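Beneath this line is the structure, given in structure tokens, with notes to follow.
Read-outs throughout are calculated quantities, based only on the coordinates presented, and are distinct from any laboratory measurement. This is a predicted model, so every value here is computed, not measured. Because the Cβ atoms are built from the backbone with ideal geometry, glycine has one as well, and the counts that use them run over all protein chains shown.
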Amino acid sequence: MSSNELDVTLTTLVYGGDALGRLGDGRAVFVPFCLPGERVRIELVEDKQHFARGRIVQVLEAAPERVAPRCKHYGKCGGCHYQHLSYAGQLRAKAEIVRDQLARIGHIQNPPVAEAIGAASPWNYRNHVQFHLDPDGQLGFVRSESRPATNAILPIQECHLPDETINGLWPQLAFDGKSGVSRAVIRTGSDDGVMLVLESDVPFVPELEIEAAISIAHVFGGDVLVQAGEDHIQFRVMGRDFRVSPTSFFQVNQIMAEKMIRHVLACMPASSSTLLDAYCGAGLFSAFLAPRCGRLIGIEASSAACADFAANLDEFDNVELYEDAAERVLPALDIKPDAVLVDPPRAGLERPALDALVRLAPGTIVYVSCDPATLARDAARLVAAGYLLESVTPFDMFPQTYHIESISVFQSKILQST
């Protein structure tokens with residue numbers, strides 16, 4: 001054992017994928033690709049005054065839930081974090097992490113976190129994958145550890161998260177290192193629809209010869225140029241078709257998205273006079289909520305997503321849409337919504353948006369979160385403003401990774417008491 005190596009016992013999985021242990025001086029040490037209960041030999045890669053980070057050298061005593069990773073790149077590629085943990089263990093860990101964040105950051109005693117809803121298959125579930133290109137034009141992902149900028153991308157030969165169509169296509173892609181392409185995004189939709197989106201820092205990219213009928217779009221400086229096929233891809237969710245443009249967000253795990261839609265519908269009032277959908281995107285939730293309310297108001301900052309929203313909800317006469325940031329729109333609204341759905345990015349609700357939401361005083365707030373830390377912060381603010389956190393349900397939208405989606409339901413204490 002070298003002088004920079006030491007043995008530690010790990011106790012807890014923390015948000016971000018690392019396992020937590022303690023050094024001899026009491027400082028926390030964070031080590032990826034390890035599990036609670038394991039004794040491991042590590043090499044310190046970051047040694048700070050109050051904490052340290054380590055790289056696993058050897059597992060001395062393995063946890064019972066440790067399994068063999070499926071991918072040969074695991075541990076070097078930064079895309080997956082939990083392939084060494086059984087899937088049942090992943091679900092338990094994610095529910096416990098949400099519970100810990102709500103208790104520790106949100107100061108909510110005994111947070112009502114349910115068991116995590118798992119995926120039918122924890123492999124080959126992604127309908128949308130973003131590949132980075134290394135300096136030689138090879139497709140890959142960001143490495144799990146910090147490396148020099150010229151070596152930050154790990155070229156790959158396999159990946160077990162994309163669906164079969166994507167895995168059949170991406171090995172066909174070849175780029176010259178000087179093509180200017182920095183990322184290649186592949187999406188698969190309904191009816192065998194496939195879209196390739198090339199992102200670059202130059203106005204033109206080379207033409208591709210691909211033995212497949214797919215749509216190809218080039219994104220440069222915010223502009224989208226369709227090089228082949230359609231200017232959008234179509235997804236069918238719960239019997240509805242959704243148009244999604246090259247730069248619009250859409251859920252990458254369609255089966256889990258349907259489970260989340262059904263949960264949102266169950267959490268919302270059966271009927272409402274006014275319902276607000278903030279961060280509504282291309283209208284995935286709004287399309288199923290619109291038939292249940294007299295008036296639905298969507299808020300979305302992305303122009304591309306707003307165009308998709310308008311197309312996807314064109315059949316409804318009771319739908320309105322504001323194209324702007326929620327933190328600007330919400331404070332300007334003069335409405336009394338019965339219920340509000342929020343689905344913010346990882347940063348959570350900006351303070352002006354949350355304060356305006358409290359002022360609007362809906363009876364029910366359904367919060368779709370992709371980051372338990374910012375959910376916990378916002379939950380504390382909502383509870384302090386007079387809301388009861390009724391339930392939190394984690395959904396495993398991203399098996400094999402540390403990412404956690406959840407749906408929380410807040411009910412107004414004021415309206416409950418009247």
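When a/c is below 1.5 the answer is rounded, else prolate if a/b is larger than b/c, else oblate, so apply that to region 128-234 with a ≥ b ≥ c taken from the square roots of the Cα gyration tensor eigenvalues. Because a/c hits 1.5 or more and a/b fails to exceed b/c, region 128-234 counts as oblate.
Within the chain, DSSP assigns beta bridges of which about 65% are antiparallel (rounded to the nearest 5). Of the beta bridges in region 1-138, as assigned by DSSP with both residues counted there, near 85 percent are antiparallel. Binning the alpha carbon pair distances of the chain at 10 angstrom intervals from zero yields the distribution 4, 20, 27, 26, 17, 5, 0, 0, expressed in whole percent. For the chain, averaging the sequence separation of C-alpha pairs within contact (under 8 Å, six or more residues apart) and dividing by the residue count gives a relative contact order of 13 percent. For region 129-136, the Karplus equation 6.51 cos²θ - 1.76 cosθ + 1.60, evaluated at θ = phi - 60°, returns couplings of 9, 10, 9, 9, 10, 7, x, 8 Hz by residue, with Gly and Pro reported as x. Looking at region 20-100, send over the antiparallel percent of its DSSP beta bridges, to the nearest 5. Antiparallel bridges make up about 75 percent of those DSSP assigns within region 20-100. Per-peptide packing, taken as the mean over residues of other Cβ atoms within 10 Å, places 173-185, 393-405, 60-72 in the sequence 393-405, 173-185, 60-72 from highest down.
Restricting to DSSP loop positions (anything but H, G, I, E, B) with no more than 16 other Cβ atoms inside 10 Å of their own Cβ, which trypsin sites (Lys or Arg not before Pro) remain in region 261-365?
Within region 261-365, the qualifying trypsin sites (Lys or Arg not before Pro) (loop, at most 16 other Cβ atoms within 10 Å) are 346.
Taking packing as the residue-averaged number of other Cβ atoms within 10 angstrom, the listed peptides 18-31, 81-94 run from highest to lowest as 81-94, 18-31.
Most tightly packed first, judged by the mean number of other beta-carbon atoms within 10 Å of their residues, the peptides 381-388, 99-106 read 99-106, 381-388. Answer with one residue from 120, 189, 287: the one whose Cα lies farthest towards the positive end of the charge dipole of the chain, charges on Cβ with Lys, Arg +1 and Asp, Glu -1. Farthest towards the positive pole: 120. The relative contact order of region 128-234, computed from alpha carbon pairs under 8 Å that lie at least 6 residues apart in sequence, is 22 percent. Residues whose amide H comes within less than 5 Å of that of residue 272, counting only those at least five positions distant or on another chain, are 293, 294 (H built at 1.01 Å from N in the peptide plane).
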